[in-house]
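Following: one structure in structure tokens, then a few remarks.
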Amino acid sequence: MSRASLDLDRRGFLKAGVGGSLAAAVGGRTLLQRDSEDGEPLDPDAADELVKTVCTHCSVGCGVHMAVEDDAVIGQETWDDNPVNQGGVCSKGASLTQSVNSEQRLKEPLKLEDGEWVQMDWDEILPEITERLNDIREDVGPHGTMWVGSAKHSNEAAYLIRKLSALYGTNNIDHQARICHSTTVEGIANTWGVGAMTNNSNDMANVDVNLIIGHNPLESHPVAWQYFQDAQENGGKHIVAEPRYTKTAAASDDYFHFRSGTDVAFIYGLIYHIVNNLEAHDEEFIESRVMVETWEEFRDDYLPEYDLETVSDICGTPVSDLEELAEELADADVSCVEWAMGGTQHNNATGNVRAYAMLNLALGHSAQSAGGTPIFRGHDNVQGATDLGVDAGNTPGYYGLDQGAWEHWANVWDETESTSGDLTYDELADRYHDTELMEKNGFTVARWYEGVLDDEWEIYQPDPLQAAVFWGHGLASLTEYKKVREAVNQLDFIVNVDVFPNQVAELADSDTDVYMLPAATNIEEAGSVVNTGRQLQWRSQAIEPRHNSKTDWELLCEFADHLGFGEHFDYDEVEDVTREINLGVRSVGYVGQTPERLKAHQQNADLFSPEDLRADFDELDVDEDDVDGVQDGDVYGLPWPCWHDEHPGTPILYDSSLHPSDGGMDFRSNWWDDAVDEDDPEIEPEDHLRDPFTPEWTDQELEGVPQYPLFTTVLPDPENPAAATIPIEGAFDEDTSVADVAQQLDEEGYDVDLERYEEFDNPQPDAPWGRGRARMKAWNLTDEIPVHREPAVTPRPDLVDEYPCNDRTEDHWRVELDNAQVQQDNIDAVDDHDLVLTSGRQVEHKGAGAVTRSTQGTASRAPMMYLEIHPEVAEEQLDGVEEGEWIVVATPHAEMVVQARPTERVAPDHAFAPYHWSGILEGEKMTDRFGGEMEGLEPLVIGESINAGTAPAYDRETQMQESKVTLCSVRLAEDDEVPDLSQRQLDWQEQRINRHKR
């Protein structure tokens with residue numbers, strides 16, 4: 001259905017009460033029913049005010065208006081001139097009002113004490129928690145704690161929780177990105193410079209051919225589909241390659257099946273046909289913009305191992321299908337490769353991601369509009385939280401953990417005008433157990449529990465974990481969920497900060513010390529958020545926090561004060577945190593997105609074109625003097641990198657067809673420094689830099705140059721944190737060279753190796769990260785060039801000898817990793833389990849489901865945890881089981897009791913389950929633990945966590961979990977195995993099944 005065919009209502013309201021209907025995801029704007037509680041139409045002008053905010057669910061970044069009356073959210077209205085979504089919302093976004101007003105919210109601080117949930121006051125519970133944290137720090141060491149932040153945090157809160165963990169003294173901090181897109185970041189950053197989406201959702205309208213692999217946007221990012229539809233109307237094609245026939249596949253132009261977990265082989269088969277048979281690869285692009293030696297090694301030494309017949313055998317895809325898809329991509333004027341968690345959650349996922357990018361490079365379709373890799377992130381601020389260092393291997397801005405990174409952040413925290421504290425590197429180092437742990441990757445969210453259990457695997461820090469702080473994280477997202485439960489109950493104590501009780505309340509035994517702290521929703525606090533296209537948007541606070549909840553950023557500051565370093569957190573307002581980010585995060589350009597500019601973009605969203613996201617004042621006949629804070633040519637949301645307070649932002653990464661002052665750049669010269677320092681014998685330093693070229697915007701020949709010296713660490717006057725510094729200003733100046741910048745810095749007293757830069761004396765404009773090349777070989781990774789590796793639990797044990805998992809690694813984020821042993825332990829699993837089990841999203845639910853399963857609109861629309869099985873399986877193995885009937889799905893790791901959904905969306909040898917569910921674990925109902933002051937806060941709908949049964953294997957580079965492929969078998973459930981669901985949930989299920997039958 002095209003957007004033009006829809007009858008759209010500009011001022012649709014969704015009421016706060018139970019009777020409000022939900023909006024369905026549509027191609028464009030969404031019609032929201034305007035019923036009031038008594039059935040009378042709700043006057044859209046009845047609210048005191050309409051407050052602009054950003055949806056708190058997926059990463060599209062849809063703008064909405066919250067209708068506020070008497071400091072209460074009474075409804076919501078479309079925000080039609082927001083260029084990201086143009087008013088559209090999906091069922092999740094249309095339920096924001098109900099989520100804010102849900103009765104299932106945590107309302108007061110609670111403690112599980114002697115098996116009873118009891119209420120405490122803030123002024124007694126915070127001192128008690130922080131005293132216990134300080135006791136662990138004193139008696140064991142700061143490494144005795146685990147801190148888990150959130151992809152739901154604002155940028156400001158994400159930055160503060162990383163700063164808090166640093167000043168507490170531990171790198172045991174992580175968040176959801178570890179288990180959704182850590183492999184994307186690692187794989188893409190090691191291909192062409194930084195690990196983010198190359199373009200934006202709106203740019204999907206320009207696609208010629210889009211290969212969708214491991215992504216189901218119609219369900220995971222439905223509002224973005226309007227731009228996919230625009231592409232189809234313009235003659236573009238979307239081609240889905242998936243183990244499952246998704247709703248996106250049904251709406252696309254073609255579909256190709258392959259076995260789950262065989263992505264590298266599948267992609268290499270396409271490249272093989274493009275290069276060896278069609279000779280359709282772009283040699284000119286490769287010669288000019290890719291490290292040629294890495295391409296030649298891949299082409300000559302690796303690609304011949306993946307001929308079409310071999311790939312067909314591995315993937316189960318016919319040779320003719322591989323040829324057809326490869327030819328579609330080769331015939332395209334420009335193509336892109338798009339993925340999400342279907343591509344990232346595998347033991348070989350860093351290899352998957354690199355293979356996707358290598359396909360795009362081989363075709364020469366990178367670094368331009370409609371090309372590259374439009375990677376779709378999951379949560380509303382998973383991109384921002386990752387950028388700002390909620391990561392066991394990073395500090396904010398991807399600076400890493402070495403001494404230079406810590407010196408930079410000690411300098412920022414000392415110099416910032418936002419707080420009163422003073423800090424030196426030595427003082428910061430003293431906060432840690434020792435400098436070895438200060439520079440060592442921490443435990444990740446994927447396997448933190450191993451640091452508690454300390455029995456099966458050796459851990460690599462002086463002591464086990466004693467306590468954990470979960471701040472906006474759903475534990476049901478984790479694989480080895482039974483181990484998670486065990487670890488929860490072995491910790492000395494747990495702090496859970498969230499809007500809803502989440503899985504901690506389900507898993508904790510009665511003798512476990514748990515503190516539940518009520519957090520405000522994102523609607524109740526201000527701050528910035530980054531969508532999947534790197535665009536920053538300001539969220540205005542709609543109302544004061546409901547009940548006795550607190551905003552994340554204010555509560556983090558209170559924690560710091562009680563922990564003894566409040567002078568580094570004494571901000572006057574949340575905007576001060578944004579300014580500190582502007583000062584410190586120079587590496588990827590979080591510099592020019594000042595709170596003033598972000599607010600100006602929000603208030604003047606109508607100035608930006610949905611086609612290219614630019615503000616064109618001439619076309620709009622707008623006088624720049626009349627628009628305070630928006631500049632002609634600005635890109636909506638100032639997508640990073642935005643290098644200074646007058647830079648427009650970067651809509652398309654690596655697009656050298658634009659002047660750097662308009663957002664243009666080359667591939668980041670990320671590896672030149674390593675080549676110079678290590679004298680790599682394979683590739684000379686100059687081979688890391690782009691050959692000379694002359695773009696259309698200048699008559700000048702531009703040379704390949706390294707990153708500008710010290711651009712990541714030189715700070716401006718802290719009173720103007722978004723100002724351009726010597727290296728950034730010099731990069732954009734057409735009359736200044738890299739050598740000139742090095743000389744200027746030397747004269748200012750900075751430590752610069754002038755000899756290193758003296759040959760780069762051609763004055764020219766550049767982005768600060770230079771003009772480099774992409775690469776197909778990453779000599780810093782275990783598999784320098786990706787290879788196929790079989791899933792740890794595979795239906796093809798005959799392929800394991802040739803394509804094994806990675807061998808044992810001793811210290812992998814502080815715990816051992818041995819995928820090869822897991823694979824051998826499960827080598828015969830196929831004898832008892834005949835289906836390949838994979839998992840994915842439902843359009844109505846998000847993440848671990850704490851919000852959407854506690855919101856009536858979304859819970860009632862999707863009230864059932866199910867297993868999709870092919871009708872043949874339903875008939876032959878389950879006596880013709882029908883939808884909603886109970887079955888047991890058994891994997892080598894767990895037996896889960898779920899409801900059946902027979903459908904031809906899965907192949908006869910595959911099964912699929914959504915991962916948003918909890919409240920039942922191996923048939924045991926867990927929500928009976930909601931007693932005392934927790935009574936009535938259990939989710940509206942519950943179900944098995946599929947992650948109890950997924951594979952215990954992890955990506956070698958990032959510790960990403962392998963949740964997208966294991967083996968399972970199915971049988972009918974016995975009557976005494978069926979869990980007891982509420983009558984409300986059963987009624988909703990009956991309604992849903994009846995609708996489905998009609």
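What follows draws every value from the coordinates through simple rules; no lab data is involved. Predicted, not measured: the structure shown is a model, and the values here were computed from it. Backbone-built Cβ (ideal geometry, glycine too); neighbour counts: all protein chains shown.
Per DSSP helix of 4 or more residues, -39500 (n - 2.57); summed, then divided by the residues of the chain. What does that give at 222 nm, rounded to the nearest 500?
Values: 33 runs with 272 residues, N = 998.
Result for the chain, helices only: -7500 deg cm²/dmol.
Would you mind getting the Kirkwood hydrodynamic radius of segment 372-465 from its Cα pairs, rounded to one decimal in Å? Before the final figure, lay out each step's value.
Values: mean 1/r = 0.0643 Å⁻¹.
The Cα-based Kirkwood calculation yields 15.5 Å.
Taking the DSSP beta bridges in the chain as the whole, what percent of them are antiparallel, to the nearest 5? Don't skip to the answer; put the middle values down first.
Numbers: 54 of 97 bridges.
DSSP beta bridges in the chain are roughly 55 percent antiparallel.
Under 16 Å Cα to Cα from Lys52, which aspartates and glutamates show up? Leave out anything in the same chain fewer than 8 places away.
Glu69, Asp71, Glu77, Asp80, Asp81, Asp380, Glu524, Glu525, Glu544, Glu596, Asp606
Tell me the Rg and the Dmax, in Å, that the Cα atoms of segment 85-151 produce.
According to the Cα coordinates of segment 85-151, Rg and Dmax are 18.6, 55 Å.
Just want the ordering: Met926, Met358, from fewest to most Cβ atoms lying within 10 Å of their own Cβ. Please report the intermediate quantities before stating the final value.
Working: Met926 20, Met358 28.
Least crowded to most crowded, the residues run Met926, Met358.
Using only C-alpha positions, report the orientation-averaged shadow area of the convex hull of segment 132-215, nm², one decimal. Walk me through the numbers on the way to the answer.
Working: hull surface 31.5 nm².
Reported value for the Cα convex hull: 7.9 nm².
First select every other residue whose beta carbon is under 10 angstrom from the beta carbon of Gly141; then total the charges, Lys and Arg +1, Asp and Glu -1. Mind showing how you got there, number by number?
Values: positive: Arg137; negative: Glu138, Asp139, Asp434, Asp463.
Net local charge, Gly141 excluded: -3.
Out of every Cα-Cα pair in segment 182-363, what percent are more than 20 Å apart?
Numbers: 8473 of 16471 pairs.
Everything past 20 Å amounts to 51 percent.
Among Arg289, Arg756, Arg995, Arg614, which comes first, then next, by fewest other beta-carbon atoms within 10 Å? Provide the component values of the computation, followed by the final result.
Values: Arg289 26, Arg756 18, Arg995 9, Arg614 21.
Lowest count first: Arg995, Arg756, Arg614, Arg289.
Suppose a student asked you for the relative contact order of the chain, using Cα pairs under 8 Å spaced at least 6 residues apart; what percent would you report? Mind dumping the intermediate values first?
Numbers: 2458 pairs, mean separation 153.0, N = 998.
Taking the mean separation of contacting Cα pairs over the length of the chain, I get 15 percent.
How large is the Kirkwood hydrodynamic radius of segment 532-655, in angstrom, based on all distinct alpha carbon pairs?
On the way: mean 1/r = 0.0619 Å⁻¹.
It works out to 16.2 Å.
Treat the count of other C-beta atoms within 10 Å as a stand-in for reagent exposure and order Ser860, Ser657 from fewest to most.
Details: Ser860 20, Ser657 13.
Ranked by crowding around the Cβ, least crowded first: Ser657, Ser860.
Say the cut-off is 23 Å between C-alpha atoms; which of Lys247/Lys846; Lys163/Lys599; Lys111/Lys846; Lys107/Lys599; Lys247/Lys997 go over it?
Numbers: Lys247/Lys846 17 Å; Lys163/Lys599 25 Å; Lys111/Lys846 27 Å; Lys107/Lys599 30 Å; Lys247/Lys997 18 Å.
Among Lys247/Lys846; Lys163/Lys599; Lys111/Lys846; Lys107/Lys599; Lys247/Lys997, the Cα-Cα distance tops 23 Å for Lys163/Lys599; Lys111/Lys846; Lys107/Lys599.
With only alpha-carbon pairs counted, each pair once and no self-pairs, how large is the Kirkwood hydrodynamic radius of segment 823-997 in angstroms?
Values: mean 1/r = 0.0599 Å⁻¹.
Over segment 823-997, the inverse of the mean reciprocal pair distance is 16.7 Å.
Take every Cα-Cα distance within segment 716-833, group them into 10 Å bins from 0 onward, and report for each bin the whole-number percent of pairs it holds.
Histogramming segment 716-833 at 10 Å steps yields 11, 23, 17, 13, 16, 15, 5, 0 percent.
Could you give the size of the charge dipole of the chain about its Cα centre, using +1 on the Cβ of each K and R and -1 on the Cβ of each D and E, expressed in debye and rounded to the nearest 20?
On the way: 67 positive and 203 negative charges, 789 e Å.
For the chain, the charge dipole is close to 3800 debye.
Where does the chain land on Rg(C-alpha)/(2.2 N^0.38 Å)?
Cα Rg divided by the expected 2.2 N^0.38 Å: 0.88.
Relative contact order of segment 174-290: what whole-number percent is it, with Cα pairs under 8 angstrom and at least 6 residues apart? Kindly include the intermediate steps, with their values, before the conclusion.
On the way: 114 pairs, mean separation 19.4, N = 117.
Rounded, it is 17 percent for segment 174-290.
From Cα pairs below 8 angstrom and at least 6 apart in sequence, can you work out the relative contact order of segment 823-997, rounded to a whole percent? Let's see the in-between values first.
On the way: 347 pairs, mean separation 54.6, N = 175.
Contact order relative to length: 31 percent.
Using the alpha-carbon centroid of each, what span in Å lies between segment 208-228 and segment 140-181?
31
For the chain, just give the cysteines left without a disulfide-compatible partner, judged by no other Cys Cβ under 4.7 Å.
Cys58, Cys90, Cys180, Cys315, Cys336, Cys557, Cys642, Cys805, Cys968
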